[in-house]
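The values are calculated or read from the model by the stated rules, or taken from the named source; none is laboratory data. Quick caveat, the model's predicted, so the values are computed rather than measured. We place every Cβ from the backbone using ideal geometry, glycine too, and count neighbours over all the protein chains shown. For accessibility, only protein heavy atoms count, side chains too; no ligands or nucleic acids. Shrake-Rupley method; radii C 1.70, N 1.55, O 1.52, S 1.80 Å.
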Amino acid sequence: MTKLYIAVPCYNEEEVLPDSAEKLRVKLRKMMDEGKIDYDSRIVFIDDGSKDKTWELIRGLHETDTIFSGIKLSRNRGHQNALMCGLMTLREEADAVISIDADLQDDIEVFDEMVQRYEEGCDVVYGVRSKRATDTFFKRFTAEGYYKVLDKMGAKVIFNHADFRLMSRRALRAFAEFRETNLFLRGMVPMIGYKSAIVTYERSERLAGESKYPLKKMLALAWEGITSLSTKPIKLITRLGLIIFLVSLVMLIYTLVRFFTGATETGWASLAVSIWAIGGLQMMAIGIIGEYIGKIYLETKHRPRFIVEEYLR
Ligand code: UDP
Ligand code: MG
């Protein structure tokens, strides 16, 4: 039977933790009693260097019920790092790990379906929001627009999926081969491959407390997503440089016509042409240097070149 672990990153979550922990405990006990998961399944909180009572609460939970475990990071390293820590720490213990935020905005009732998909042979099961009824127009517009920009940049992400997903041990082992330190997990997971599935759910409001993702952190994450998955912005510079250089050729013809019809001041023609030409050439040169830096950047990530799924011999 599936030994299921739930990985929950927590940063200053004292307000929401007791409630979330109880809901998760009830859910897992129910799944155990229904024979859907192993009795050794666990809920693991990863304390991301909280400054409030979060860690004391986790310790207390662990002492009252062994279903709860805790991992404490030495300092705040951000949601993506905390989650990665959880996944990597648990990968050899669990058959499958579901990651979920501490505020339980994601629906824990789809755990059953996730486990079912896993047992049918899926290594990754993505939780996807069916609609964003509880989000403000601004949040919905920016978030969905962002997924589209990522797609244009050539990054493969699952539309409307954040970090609520199940990963099998096999997927986690493969994931351990991704050595990069700048993490944008939802963009990296699809790179693993293997069979995957999607389950949809409705995202609700935070149970209690405030969002730990203020606009600033969100923009940082968004930028991280683009820059860690794609080197297309560099290619855009090269292209822009080329366009400006082509414009300079048009300017050259225009200036020569003006010059020979005598409609120019002395020195204007040479200045006008050289500003365009040099500007374009410089931008192209920066772009070409950037192309190499982009390649160096990708090399330094030491991502696995391939992941073998089966070997028949
Ligand atoms: N979180 C974390 N470290 C941080 C910020 C957030 O571990 O530095 C956790 C937080 O405790 C929560 C999850 O990341 O479990 C998502 O945060 P939140 O629900 O506040 O984000 P939102 O849903 O508002 O985007
Ligand atoms: Mg939340």
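Numbers at a glance
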| item | result |
| --- | --- |
| Distance (nanometres) between label positions extended 7 Å along Cα→Cβ at GLU56 and PHE137 | 4.5 |
| Simple label model, 7 Å out from Cα along Cβ direction - ILE275 to LEU215, nm | 3.6 |
| Directionally averaged shadow of the range 173-265, computed from the convex hull of its alpha-carbon atoms, nm² | 13.1 |
| Separation between Cα centres of the range 294-313 and the range 243-285, rounded to whole Å | 47 |
| Solution diffusion estimate, µm²/s, Stokes-Einstein, the chain, Kirkwood Rh from C-alpha pairs, 37 °C, viscosity 0.692 mPa s | 147 |
| Extent along principal axes [Cα atoms of the range 132-207; Å; largest to smallest] | 38, 29, 23 |
| Contact order relative to length of the chain, as percent, for alpha carbon pairs under 8 angstrom and 6 or more apart | 18 |
| Other-chain or far-sequence residues with amide H under 5 Å of ILE6's (modelled H) | ARG42, ILE43, VAL44, ILE98 |
| Distance between the range 145-212 and the range 1-58 - C-alpha centres, whole angstrom | 20 |
| Protection proxy ranking, peptides 249-258, 283-292, average beta carbon neighbours within 10 Å, highest first | 283-292, 249-258 |
| The chain - percent of accessible surface contributed by carbon and sulfur, probe 1.4 Å | 59 |
| Where labels lie 7 Å past Cα in the beta-carbon direction, separation of LEU312 and PHE159 in nm | 3.5 |
| Sorted peptide list for 112-123, 86-97, criterion being average Cβ within 10 angstrom, highest first | 86-97, 112-123 |
| For the chain, size of Cβ-based charge dipole, Lys and Arg +1, Asp and Glu -1, in debye | 1300 |
| Antiparallel %, DSSP beta bridges [both residues in the chain], to 5 | 30 |
| Kyte-Doolittle mean at least 0.5 and Cα axial length at least 18 Å: DSSP H helices in the chain | 215-229, 232-260, 268-300 |
| Cα gyration tensor shape of the range 206-313, rounded if a/c is under 1.5, else prolate or oblate by comparing a/b with b/c | oblate |
| Charged-residue dipole, Cβ positions (Lys, Arg, Asp, Glu), the range 132-204 about Cα centre, Debye nearest 20 | 180 |
